[in-house]
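Notes follow the structure.
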Amino acid sequence: MGTAIGVRRPGRLFVAALVALAAALPGWAQQPSVPYVPTPQEVVDRMLAMGKVGKNDYLIDLGSGDGRIVVTAAKRFGTRGFGVDLNPARIEESVANAKAAGVTDLVAFYQRDLFETDLSSATVITMYLLPRVNLELRPRLLNLRPGTRIVSHDFDMDEWRPDERAELDVKDKWGAGSSGKSSVYLWIVPAPVAGTWRFSLPAGARTNEYELTLEQRFQNVAGTVRVAGRTAKVTAAKLNGAGIALDFTVDLGAGPVRHQLTGRADANAIAGRAKLSGTRIESEADWSAVRPPVEAR
Ligand SMILES: C[S@@+](CC[C@H](N)C(=O)[O-])C[C@H]1O[C@@H](n2cnc3c(N)ncnc32)[C@H](O)[C@@H]1O
């Protein structure tokens, strides 16, 4: 799939100047003029691999250019999805590319502002925009269903650190024979887990009541737990979409007991498994925690 017929690829310096100018201008994100620079096919392939895009995904490319990301995913994996672009010429190219690839039943292209696009059906979002545009999109992306993957070419999202990043040497980054580097970033939308959670767990003959307070910044979680009149810090916490894993050690009255909790967060409940290990306790049980809904907090 090539660049538009009759349209010359922009030179490297021209593109770099456009990107620098776009990044510097305030309010640029509102404009249609994020420059059209296609993602080289090998970078498209890496983006789809990093996002673990598959048949059951629904992919939305924001600023979809000639549709290559959406069309490649559909052709290679049978992925459904759509692209939006403000430029009608890009939409025409995309439709032609989808036809040529035989994937018109899986994909669609809309001439639409990405800021006015409903993203709720996405399991994967791809984008090759600009730093400022990524940042403007960030609050909306963080509100998507936990577990949604966001894959960006070249530009990050500032203090929302990526869950994965790769740098590639790309032979034709700026057009045929003009090499350069590409970065690919992946974020997994984290479930909102901050707040105070309550649960109980059996330990030997008794059942203990726990109060777990979690703080969260993007996918980073820290916390403290109160149980049996003692307080302990959560020593390891991992949040991957809706999946959460917590590790802490606390004295339940007869020596330290390590707690390894795993589960899935869904609105105001977490459900999973809890493993307790100490000198007198070795157990594994289902675990479920609740947190008062936002309006009651
Ligand atoms: C750098 S190109 C990326 C094209 C394609 N995603 C790719 O990776 O090959 C950015 C595209 O975003 C489009 N675009 C810029 N601002 C937009 C907006 N507000 N809404 C929709 N599309 C936009 C441009 O027309 C351009 O085609």
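How many residues are at negative phi and touching a Phe, Trp or Tyr at 6+ places or on another chain (Cβ under 6 Å) when one looks only at region 191-234?
Final tally of qualifying residues: 7.
Looking at A74, is it in a strand (DSSP E or B) and small (G, A, S)?
No, not satisfied.
Limited to region 267-277, what total is found for residues that are modelled with pLDDT under 95 and on the phi < 0 side of the Ramachandran plot?
1
Do we have P190 as assigned to a loop (DSSP other than H, G, I, E, B), closer than 22 Å to R264 by Cα and touching a strand residue (DSSP E or B) at 6+ places or on another chain (Cβ under 6 Å) here?
yes
Collect the residues in region 85-114 that are within 12 Å of the ligand (Cβ to nearest atom), within 23 Å of the chain's Cα centre (by Cα) and surrounded by 22 or more Cβ atoms within 10 Å (Cβ to Cβ), keeping them in residue-number order.
D85, F109, L114
What's the number of the only condition in (1) within 10 Å of the ligand (Cβ to nearest atom); (2) of a type in the set (S, T, Y); (3) part of a loop (DSSP other than H, G, I, E, B) that S120 fails to meet?
(1)
The values are calculated or read from the model by the stated rules, or taken from the named source; none is laboratory data. Computed from a predicted model, the values in this text were never measured in an experiment. A quick note on method: Cβ atoms are made from the backbone with ideal geometry, for glycine too, and the neighbour counts reach across all protein chains shown.
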